[in-house]
Amino acid sequence: MAEENKKIQEIITRIETLTVLELNQLVEKLEDQFGVVAVAPAAVSGAPAQDSPATEEKNEFTVVLTDTGANKIGVIKAIREINNTLGLKEAKDLAESAPKSVLENAKKDEAQKAKEKLEAAGAKVELQ
């Protein structure tokens, strides 16, 4: 086994002396000779590609009230807690016009807390 390692090390040493053009020709020759294709290794599983927009984690969410449920008063109170700029009438109108967004451009944790608060009041909610 030590002899194999020595042979491999000799090959690596010789490859290190090749120019980029020669290395490219070597790769092409190896592909033709052995019927294989040299490809770049895949990214480590679980690590998203940095330049792929499809895999980017979403930073902002919209909390959408899809159904008020049976406890409308509790949902209205929850809406006012989430968005304290709304008065009672505005919160009531929002609850009655579901599906409607309650909170827009919220950070993930803020949106999750709002969703939990509305669901605890009996509403059905989606994060978009």
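Since every read-out is calculated from the coordinates, none of them should be taken as a lab result. Note that this is a predicted model, so its numbers are computed, not measured.
Overview of values
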{"read-out": "Rounded to whole Hz, the Karplus (6.51, -1.76, 1.60) HN-Hα couplings of the range 77-87, x for glycine and proline", "value": "4, 5, 4, 5, 5, 6, 10, 6, 7, 7, x"}
{"read-out": "Under the Karplus curve 6.51 cos²θ - 1.76 cosθ + 1.60, θ = phi - 60°, whole-Hz ³J(HN,Hα) for the range 23-37, x wherever Gly or Pro sits", "value": "5, 4, 5, 4, 4, 4, 5, 5, 4, 5, 5, 10, x, 10, 10"}
{"read-out": "In sequence order, calculated HN-Hα J values of the range 101-110 (Karplus, 6.51, -1.76, 1.60; Hz; x Gly/Pro)", "value": "7, 9, 9, 10, 6, 8, 5, 4, 5, 5"}
{"read-out": "Share of pairwise Cα separations in the range 57-127, more than 15 Å, in percent", "value": "43 percent"}
{"read-out": "Above-threshold pairs, the threshold being 21 Å between Cα atoms, out of Lys58/Lys89; Lys72/Lys115; Lys92/Lys117; Lys92/Lys124", "value": "Lys58/Lys89"}
